[in-house]
Amino acid sequence: MKQQKNSMCRMVDKTASLPAGLRSWVITKMFGKFVPFLGTAGLHFEEVSRERMVVSIRNRKKVQNHIKGLHAAAMALLAETATGFVVGMNVPDDKLMLLKSMKVDYLKRAQGNMKATATLDAAQVGRMAAEDKGDVLVEVLVTDESGESPIRCEMLWAWVPKKRN
């Protein structure tokens, strides 16, 4: 059975005919309407699909710590955003998604810009469509300009039925 597309997927589909660079910019602006803080932090959506989300952040003054690296909270936001939006592409419109837990281990000093790649497998996507409520541990790899992973994250997302008024 093919999973129905939710409103977020349908919105992203409308950008399919745009050139890649413009498509990425438009999706970043649209997702910023959902979560205004994304624009404040300067997050950029590089790749968007139901199975994979790639989000990046530039190391610039607004998001730096005292040693001119990306602030710890900005790194966590990057991972949380990538995982949240890949889940958001799959949770049906009649469900509410919530971050259940977030664990971030800071392993080493980050170098330069960073990127988070969150992925879901077919079984995880299927559960979101089939189960009324549940949770999923979303795999996310966060790398810096050196290609290394300065942080290791675990993001557990849940979905529940929306309350009807």
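Bear in mind that the values in this text are calculations on the coordinates, not laboratory data. Note that the structure is a prediction, hence the values are computed from the model and not measured. When we count neighbours, we look across all protein chains shown, and the Cβ atoms used for this are built from the backbone with ideal geometry, even at glycine.
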### Message
I want to verify a result. In a Gaussian network model of the chain, Cα cutoff 10 Å, which of these has the top mean-square fluctuation: Leu22, Leu141, Leu78?
### Response
Leu22
### Angstrom value of the Kirkwood radius, inverse mean 1/r, which spans all Cα pairs in the chain
16.3 Å
### Task
Could you tell me which of rounded, prolate or oblate describes region 1-96, using a ≥ b ≥ c as the square roots of the eigenvalues of the alpha-carbon gyration tensor, with rounded for a/c under 1.5 and, failing that, prolate when a/b is larger than b/c and oblate otherwise?
prolate
### Task
Please give the contour-minus-distance gain from Glu47 to Leu22: 0.36 nm per residue of separation, less the Cα-Cα distance, rounded to one decimal in nm.
7.8 nm
### Task
Would you mind calculating the gained length between Ala72 and Lys133 on full extension (0.36 nm times residue separation, minus the Cα-Cα distance), in nm to one decimal?
18.8 nm
### Query
Given region 7-161, what count of lysine pairs have C-alpha atoms under 23 Å apart, with each pair 8 or more places apart or on different chains?
21
### Query
Can you sort Leu98, Leu77 by how many other beta carbons sit within 10 Å, fewest first?
Leu98, Leu77
### Query
When only Cα pairs under 8 Å and 6 or more residues apart are kept, what is the percent relative contact order across the chain?
23 percent
